[in-house]
Amino acid sequence: MDTSKIPAVIANNVDVTYQVLGAGSQTRDDSVEGFFGRAKNRARSQVGTRTVHAVKDVSFTAYKGESIGLIGRNGSGKSTLLRSVAGLIPPTGGSIYLNGQASLLGVNAALMKNLSGARNIMIGGQALGLSRREVREKFDEIVDFADIGDFINLPMSSYSSGMAARLRFAISTVKVPDILVVDEALATGDAEFKARATARIAEIREGAGTIFLVSHSAKQIESMCTRGLWLDKGHLIMDGPSSEVAAAYAKKYPARKTAARRPAKKATTKKAPAKKTPAKKAPAKAAPAKDTPVQDVPTTGRPEGQ
């Protein structure tokens with residue numbers, strides 16, 4: 001049976017709006033009227049509320065066996081849309097139909113930071129519908145995939161973000177879900193983990209599972225997905241093969257090139273020029289005294305009687 005044409009998710013004119021507290025008008029009126037107006041709003045408990053229209057009239061149909069990547073800039077509505085698919089945020093308008101159960105990566109696993117990774121594997125596996133025996137049988141497989149070594153016996157609060165992401169992905173994909181929603185959980189992994197995650201996603205697709213992946217990277221969408229959805233300011237502006245969507249997105253938002261840093265020049269201390277000391281003048285030689293002729297002083301005899 002050709003499962004590629006069996007609908008897994010149907011989104012029909014979906015709108016999602018929500019209220020944000022503490023995010024009122026960006027302008028502040030410091031006049032006397034503005035002061036009393038703010039005081040009045042505080043009394044009514046209406047201070048700082050703003051309506052956000054995150055998803056606007058989005059429609060698409062996802063089929064079994066597809067891996068669909070959602071791409072867009074921050075605030076485009078990607079995560080909000082997929083949380084609606086996972087059942088966490090009900091759509092304000094339109095409708096979403098699921099052919100199976102949707103699992104948001106790391107949410108259905110019900111992981112607890114104060115428990116060890118081993119304990120979380122047991123809890124998360126049973127939360128996915130596996131029996132204790134089935135979790136024990138797949139325990140080593142999960143640990144090997146997560147590649148966290150002896151940390152498996154330590155509390156998850158001691159894990160790095162990459163280690164926690166690997167363990168969540170390993171637990172969430174140990175059972176082939178009907179619909180798996182991955183919300184940027186692969187952004188923290190290294191190249192080796194991303195390669196293993198790509199292979200696991202391919203296995204889920206072969207098992208007729210449907211995968212939604214949120215990413216800011218056009219290359220990741222192209223390499224890991226068969227189809228792409230490009231959202232911009234809540235609107236779906238492109239739906240097609242992942243290579244075409246990734247190319248169009250990269251063309252509009254090219255990756256910024258970071259200039260290579262020049263090696264820092266070694267600080268050289270300039271030597272102060274030696275001060276020139278004036279040469280001491282040799283003492284002037286005394287001129288030899290000239291021989292002056294001795295004049296004869298005439299002698300006069302004393303007068304007699306003196």
Count of the range 76-135 residues which are among the charged types (D, E, K, R) and either part of a loop (DSSP other than H, G, I, E, B) or loosely packed, with under 14 Cβ neighbours inside 10 Å (or both): 3
Among residues of the range 209-244, those that are part of a loop (DSSP other than H, G, I, E, B), within 14 Å of Ala62 (Cα to Cα) and open to solvent by less than 30 Å² (accessible area, probe 1.4 Å), counted: 2
Qualifying positions in the range 33-66 - modelled with pLDDT under 60 and outside any helix (DSSP H, G or I): Arg44, Ser45, Gln46, Val47
Single residue of the range 12-26 satisfying the filter (exposed (fewer than 10 other Cβ atoms within 10 Å of the Cβ) and part of a strand (DSSP E or B)) that is modelled with the highest pLDDT: Gln19
Lone qualifier among Ala195, Ala170, Ala247 - being part of a helix (DSSP H, G or I) and open to solvent by less than 50 Å² (accessible area, probe 1.4 Å): Ala170
Output for the range 144-155, where each listed residue is at pLDDT 90 or above and either open to solvent by less than 20 Å² (accessible area, probe 1.4 Å) or not in a helix (DSSP H, G or I) (or both): Ile152, Leu154, Pro155
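The values are calculated or read from the model by the stated rules, or taken from the named source; none is laboratory data. In this text, all values refer to a predicted model and were calculated from it rather than measured experimentally. Here Cβ is always computed from backbone atoms with ideal geometry, including for glycine, and neighbour counts include all displayed protein chains. When the accessible area is computed, the model is the full protein with side chains, heavy atoms only, and any ligands, DNA or RNA have been set aside. Shrake-Rupley method; radii C 1.70, N 1.55, O 1.52, S 1.80 Å.
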